[in-house]
1. If you find the alpha carbon centre of the range 177-246 and of the range 81-118, how far apart are they in angstrom?
2. What percent do you get for the relative contact order of the range 25-172 when only Cα pairs under 8 Å and 6+ apart count?
3. For a quick check, take a GNM of the chain with Cα springs below 10 Å and name the residue from THR210, THR28, THR196 with the largest mean-square fluctuation.
4. With all protein chains present, how much of the accessible area of the chain (probe radius 1.4 Å) comes from carbon and sulfur, to the nearest whole percent?
5. Apply 1/(1 + (r/R0)^6) to the Cβ-Cβ distance of GLN66 and GLU221, taking R0 = 41 Å, and write down the FRET efficiency to the nearest 0.05.
6. Relative contact order of the range 132-246: what whole-number percent is it, with Cα pairs under 8 angstrom and at least 6 residues apart?
7. Considering only protein heavy atoms, what per residue accessible area in square angstrom results for the chain with a 1.4 angstrom probe?
8. Step through the residues of the range 7-12 one at a time and calculate ³J(HN,Hα) from phi using the Karplus curve (6.51 cos²θ - 1.76 cosθ + 1.60, θ = phi - 60°), rounding each to whole Hz and writing x for Gly and Pro.
Amino acid sequence: MSDKPEKFIDENGLRLDGRRVDEIRPMTVEMGVLSRADGSCYLEWGNNKVLAAVYGPRELHPRRLQRPSEALVRYRYNMAAFSVEDRIRPGPSRRSTEISKVSGEAFEPVVMKQFYPGAVIDVFAEVLQADAGTRTAAINAATLALVDAGIPMKGLVASCAVGKVDGQLVLDLNKPEDNYGDADLPIAMTEDGEITLLQMDGNLTADEITKGIEMARKGCEQIFAIQKEALLSKFGTADEEELLKE
Ligand code: ADP
């Protein structure tokens, strides 16, 4: 692992990777990359590479797990053994179990589960290359995979983290900022601005948390725009694509 940098933000206000404090890393998405899944999305965000696949709605077995009035949504976050510098031991860990739980809950208000009683909707998020912010990248990919699978949703979910380095709040932490920074605050929200995931590692004052949430909100707005562009290029008409460019 590299050593702690002396400074994270230079005299021009730029970070080690050249971004401003309120700028997210470049993000590209490709939908429908897996022919066997009902919906899928491959997403790159900075050096993160994530693949999301959705299966369902399909009948849930064993039947005792079925919910009589709605579908069960299962979310599994997993890091590939080769996704980090040192090999990760395959199989669930405390970290991946926790991330799977909170990430699945991030979709709670948007997925219209009531249409599919007794069914299951499985969301798999596989991190192929990790570089800080993988849970947020996975949520952004999973949203598009859910739409690709035709799951009825009230809207999209976007996610990004805010952190603190050199005493300043920064949007979408890169790896050195994540490793050596003072705080990491991953957030997910709906298009209505309802926060559906909020975790925190490190130290922030109450005022910094309020400002950090506002910063994450702006990051999520940029991500919603990227997600919508991907959706329009896959499902939209030429007229709708023109409208988006204006
Ligand atoms: P997130 O990826 O959502 O930011 P963490 O803050 O837990 O989650 O992890 C930050 C980064 O640390 C990851 O993106 C990854 O690059 C690295 N990392 C996480 N877990 C491991 C691990 N078990 N081994 C090596 N690197 C890891």
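The values are calculated or read from the model by the stated rules, or taken from the named source; none is laboratory data. Since we're looking at a predicted model, the values are computed, not measured. Quick reminder, even Gly has a Cβ in these numbers, built from the backbone with ideal geometry, and neighbours come from all protein chains shown. When the accessible area is computed, the model is the full protein with side chains, heavy atoms only, and any ligands, DNA or RNA have been set aside. Shrake-Rupley method; radii C 1.70, N 1.55, O 1.52, S 1.80 Å.
1. Centre-to-centre distance over Cα atoms comes out at 19 Å.
2. 32 percent.
3. Answer for the Gaussian network model of the chain: THR210.
4. That fraction is 49 percent.
5. Efficiency for this residue pair is about 0.65.
6. Once divided by the residue count of the range 132-246, the mean separation gives 24 percent.
7. Averaged over the residues of the chain, the accessible area is 51 Å².
8. Per residue, the Karplus-derived 3J(HN,Hα) values read 9, 9, 10, 7, 5, 8 Hz.
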